[in-house]
Structures are given as structure tokens and as C-alpha cells.
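Have a look at the structure below before the remarks.
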Amino acid sequence: MAATTIIDQSGIQSPLQRDARLTRGRKFNAEELQLLLLWSLGGEPAHGYELIKRFDELSYGYYSPSPGVLYPALGQIESAGLAQVELKGKRKNYRITPAGRDYLQCHAEHTQHLLAIFRHAAKKMLWMNQSTENEAAAAQATGWLPEFVRAGRALRASLLAHSEADHTEQRRIAAILRRATQEIQQVPAGDDITRANSREQ
């Protein structure tokens, strides 16, 4: 069924615009939550409580939307024709529609960026909770190496220390960060070989 109502997309920001931090209280705005709900429904239908559990499990218990936030968002994507309701006993199961899949595909980059923010925040909280007592356990739980975490902290501390730098120094730092970003985004040679081999198989 084609979508009869267009969801307000003003709250959907590009990955370059959207701050990577999650604020206290409500973590996502209405439009972002609708995208995440459609992504969660992309696998199989679910009722509201199942969706809350999925968010809780994905975030290691860091975030799950309250019923007061979840159900209005589900109602909005249903009204827009992006999801449909199927009665399963006394519960309403929500299923993504073809229009919902098209909408999700149109915003695939934004959705993946939100998921990356979500997972990073969850891992960060898990690391903070466990690393003070057992750094090895925190590394195993999150997949983060201690040196990876320390490098990120050192970078943030260095940028903070140079926040009053003059324009010449800011340009120098910006150039360093651009080079570092380019190197980070490059696929390591070993990964290229691994991917090529897996395609051949």
C-alpha cells in the first residue's frame, strides 16, 4: 500500500550534521525513532513490547523507548502507510510495508549513522561501567582494545587543550585531522584480500 501521509522529515539530519552524542533524556527525535523502528521491523513483525526489548538488547540495556514514546511513533508510521497492524491475539503486531522499505532505503545512510551512534553510546556506557574494575572484561564485552579507547581520549584532550589556538594553529590541526581521517577511512590491504577471497568463494 502506498504511503498516504508523508512523515515530517525536518528532523532527519545528514550524517555530517547530526551530532554523534546522545543527549540526556530522549535520545532520538521523533523522525529518528521512526527510522529506527522501521529498521527494527525490517527483519520480522513485532508488537510494542518486543520492539522495546530489541532496543534494550541492542544497546546492552542503555536505551529502550518508553511506551509513551514508542506507541505514538508506531502510530505515525502506520498512519503514513509505512507499517501495518496485524492482530495477534490481543496484541497488535506491526509489519513494515513495501512503502516502508522504500522509505527506509531512501534514508539508508541516515539510518546506518543513527545505528552507529546508538551502538557507540551503548558500548561507551558498557566500557565505563566495567573498565574501572576489570579493563580486560570491558574489552571483551565491547570489542574495544584499551589502546583504542586511550587514543580517543588523548585526541579529545589534545583538541580541548588547543581550543584557544590562533587561526594558523587551527589550520595546522585541521590538516592533521583530515590526513588522519583519510587514513582511518582507508580499507587495510589485508581486508581487501579477505573480501576478494570471500567473494570468490
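The numbers here are math on the coordinates, done by the rules we state, and not lab data. Small disclaimer: the values here were computed from a predicted structure and weren't measured. Cβ atoms come from the backbone with ideal geometry, glycine included; neighbour counts cover every protein chain shown.
Using a Förster distance of 22 Å, how high is the FRET efficiency between Leu145 and His167, based on the Cβ-Cβ distance and rounded to 0.05?
The value I calculate is 0.05.
Straight-line reach from Lys90: which lysines have a Cα under 20 Å away, not including same-chain ones fewer than 8 places off?
Lys53
How would you order 27-36, 110-119 from highest to lowest mean count of nearby Cβ atoms within 10 Å?
By packing density, highest mean first, the sequence is 27-36, 110-119.
Pop out the ³J(HN,Hα) list for region 52-57 in order, Karplus 6.51 cos²θ - 1.76 cosθ + 1.60 with θ = phi - 60°, rounded to Hz; leave Gly and Pro as x.
With the stated coefficients, region 52-57 comes to 4, 5, 4, 5, 5, 5 Hz.
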